[in-house]
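*Asks:* Please see the structure below; I have some questions.
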Amino acid sequence: MAVDGFGRKIDYLRVSITDRCNLRCKYCMPEGLDSKLPHDEILSYEQLIKIITSFAKLGIKKVKITGGEPLIRKDSEKFIVAVKKIEGIKQVTLTTNATRLYKNIDLFLENNIDGINISLDSLRNDRFKLLTGSDIFETKKSIDYLLEKKYNNLKINSLIIDGFNEDEIIDLAKLAKVNELSVRFIELMPIGQAKKFKGVSRDYILDRLENEFGKKKIVHKILGNGPADYITFDNFKGNIGFIDAIDHKFCESCNRVRLTSTGKLKLCLQYNTGVDLSDYAKGEITEDEFFTKVSKALMIKPKENQFKNLEDIKDENTNNMNELGG
Ligand code: SAM
Ligand code: SF4
């Protein structure tokens, strides 16, 4: 079992398979900011599978496929299904903007992909387009199809940005009122481009929700990979989640590390701290050396984020979110 220097059990790996994206969300990869990872440094699927297989031997049980936009990488759907077959990997989930999801849904359902998170910050096409540079229709079509298929682990991830989409909190939450899905409000973290924007707090969102739907009810069942707190309301079919890494730090129970598409193991979103595992992918070190390298790296996984004290950070992350995978 993989354990870090603070005794935290690490069983969750987020794998970014590309830093490229077909959308241009202003807080992540806005117009003018292009992918910067050299194409020839991106690991092949075989190399990624090799790394994940060895991580599974170290105790990683859950894998999230992310990006950039994972589904714009050629054959990513086949790769996702292949990860599901790795011995020891119990759960494979995906986070996507869903613009290219529709044609893959049947394949993902047939192969029991364990969860699909769709990022959706606005339900209005004009606003979605302003934020992302693209239309909303493909994303909505995928959501509708998953609902039609009664897919049972659909999560909508919404970022509420001060002065931009607070007026949609209720409409977004209503998706969880009428459907069996979770709408999760993700707090904007000051990483990369997002430093130019301000998020809104859980308390603010909760106030708006309770005014509209009545008193919240806590959901005790564990629904995701750890960090979200879930609530629901009377007459809701689904749930509302909050992931607020700044206001409600969950570092004490952090169970995750991140692998970038070039093979860098990132130990915490806010720090550069990490190691390069591309040598293992390329066969330059043995599996035993890989195990030693990863185990040593886990010992320097930072204790907690310092989003509230940015000036205290010594080794601040210099990657944008499209490289890190969220
Ligand atoms: N393209 C895919 C998507 O949008 O779901 C996967 C990659 S994206 C980087 C993963 C998640 O990170 C998205 O839900 C996005 O909203 C979120 N994200 C991006 N920048 C963020 C920030 N600064 N703070 C919090 N979440 C962020
Ligand atoms: Fe692309 Fe996802 Fe970043 Fe938006 S949040 S630009 S969809 S990677």
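All of the numbers you see were taken from the coordinates with simple rules; none came from a lab. In this text, all values refer to a predicted model and were calculated from it rather than measured experimentally. A quick note on method: Cβ atoms are made from the backbone with ideal geometry, for glycine too, and the neighbour counts reach across all protein chains shown.
*Asks:* Note down the magnitude of the dipole of the chain about its Cα centre, charges +1 on Lys and Arg C-beta and -1 on Asp and Glu C-beta and zero elsewhere, to the nearest 20 debye.
*Replies:* Value, rounded to 20: 600 debye.
*Asks:* Each residue of the stretch 319-326 in turn: what ³J(HN,Hα) in whole Hz from Karplus with 6.51, -1.76, 1.60 and θ = phi - 60°, glycine and Pro shown as x?
*Replies:* 8, 7, 4, 5, 8, 8, x, x
*Asks:* How much of the DSSP bridge set in the stretch 144-257 is antiparallel, in percent, rounded to the nearest 5?
*Replies:* If I count the DSSP bridges inside the stretch 144-257, around 40 percent turn out antiparallel.
*Asks:* Let me ask another. Exposure proxy check: LYS301, LYS26 ranked by fewest other beta carbons within 10 Å?
*Replies:* The order, fewest Cβ neighbours first, is LYS26, LYS301.
*Asks:* Next question. When SER201, SER16 are ordered from fewest to most other Cβ atoms inside 10 Å of their Cβ, what list results?
*Replies:* The order, fewest Cβ neighbours first, is SER201, SER16.
*Asks:* Among LEU265, ALA98, LEU223, whose Cα lies farthest out toward the positive end of the dipole of the chain, if unit charges sit on the beta carbon of Lys, Arg (+1) and Asp, Glu (-1)?
*Replies:* With unit charges placed on the Cβ atoms, the residue in question is LEU223.
*Asks:* A further question follows. When only Cα pairs under 8 Å and 6 or more residues apart are kept, what is the percent relative contact order across the stretch 154-266?
*Replies:* Relative contact order here is 28 percent.
*Asks:* Which of the listed residues, SER122, THR66, CYS21, is farthest toward the dipole's positive end in the stretch 1-148, when Lys, Arg count +1 and Asp, Glu count -1 at the beta-carbon?
*Replies:* Highest projection toward the positive end goes to THR66.
*Asks:* Provide the three semi-axes, in whole Å and in decreasing order, of the ellipsoid equivalent to the stretch 1-160 as defined by the square roots of 5 times the Cα gyration tensor eigenvalues.
*Replies:* Semi-axes (√(5λ), whole Å): 27, 19, 15.
*Asks:* Next question, about the same structure. Tell me, which cysteines of the chain are without a disulfide-compatible partner by the Cβ under 4.7 Å rule?
*Replies:* Lacking a cysteine Cβ partner under 4.7 Å: CYS21, CYS251, CYS254, CYS268.
*Asks:* Report, by chain and number, residues whose modeled amide H sits under 5 Å from the one on ASN157, excluding near sequence neighbours (fewer than 5 apart, same chain).
*Replies:* ILE118, SER119, LEU120, ARG184
*Asks:* Show me, for the stretch 258-268, the HN-Hα J-couplings you get by feeding each phi into the Karplus relation (A = 6.51, B = -1.76, C = 1.60, θ = phi - 60°), rounded to Hz, glycine and proline as x.
*Replies:* Working through the residues one at a time gives 10, 10, 7, 5, 9, x, 7, 8, 9, 8, 7 Hz.
*Asks:* Continuing with the same structure: Hey, what do the phi angles of the stretch 274-290 turn into as Karplus ³J(HN,Hα) couplings, whole Hz, using 6.51/-1.76/1.60 and θ = phi - 60°, x for Gly and Pro?
*Replies:* x, 9, 8, 9, 5, 4, 5, 4, 8, x, 8, 10, 7, 5, 4, 5, 4
*Asks:* Further question on the same structure: Shape of the stretch 186-238 from its Cα gyration tensor (a ≥ b ≥ c, root eigenvalues): rounded if a/c is under 1.5, otherwise prolate when a/b > b/c, or oblate?
*Replies:* Oblate is the answer for the stretch 186-238, as a/c is 1.5 or above yet b/c matches or exceeds a/b.
*Asks:* Mind listing P(r) for the chain? All alpha-carbon pairs, 10 Å bins, whole percents.
*Replies:* Pair shares across the bins are 6, 27, 36, 25, 6, 0.
*Asks:* Moving on to the next point. Could you list the residues of the stretch 274-295 with an amide nitrogen less than 18 Å from a label point located 7 Å from the Cα of LYS314 in the Cα-to-C-beta direction?
*Replies:* Under cut-off, by backbone N: 274-275.
*Asks:* Treating only the Cβ atoms of Lys and Arg (+1) and Asp and Glu (-1) as charged, compute the dipole magnitude of the stretch 65-222 about its Cα centre; round to the nearest 20 debye.
*Replies:* Here the stretch 65-222 has a charge dipole of around 340 debye.
*Asks:* Under the 0.36 nm per residue contour assumption, what length would be gained going from the current alpha-carbon distance of ILE285 and GLU252 to full extension?
*Replies:* 8.6 nm
*Asks:* Rounding to the nearest 20 debye, state how big the charge dipole of the stretch 224-326 is about its Cα centre with +1 on each Lys and Arg Cβ and -1 on each Asp and Glu Cβ.
*Replies:* 100 debye
*Asks:* Sticking with the crude label model, points 7 Å out along Cα→Cβ, report the distance from MET1 to LEU206 in nm, one decimal please.
*Replies:* 3.1 nm
*Asks:* List the residues, sorted by chain then number, that are 5 or more residues from VAL275 or on another chain and whose placed amide H is less than 5 Å from its amide H.
*Replies:* Here LEU265 satisfy the definition.
*Asks:* Right, something else. Taking the number of other C-beta atoms within 10 Å as the exposure measure, put THR93, THR132, THR273 in order starting with the fewest.
*Replies:* Arranged by neighbour count, lowest to highest, THR93, THR132, THR273 become THR273, THR93, THR132.
*Asks:* Additional query: Using Cα-Cα distances under 8 Å and only pairs 6 or more residues apart, what relative contact order does the stretch 52-181 have, in percent?
*Replies:* 22 percent
*Asks:* How many Å³ per residue does the convex hull of the Cα positions in the stretch 256-322 occupy?
*Replies:* Cα-based convex hull of the stretch 256-322, divided per residue, equals 91 Å³.
*Asks:* Rounded to the nearest whole Å³, what is the per residue volume of the convex hull around the Cα atoms of the stretch 176-326?
*Replies:* Cα-based convex hull of the stretch 176-326, divided per residue, equals 142 Å³.
*Asks:* Check which residues have an amide H placed less than 5 Å from ILE285's amide H, if you skip close sequence neighbours.
*Replies:* So ILE285 has HN proximity to TYR280.
*Asks:* What is the distance in Å between the Cα centres of the stretch 82-152 and the stretch 37-75?
*Replies:* When both Cα centres are located, 18 Å separates them.
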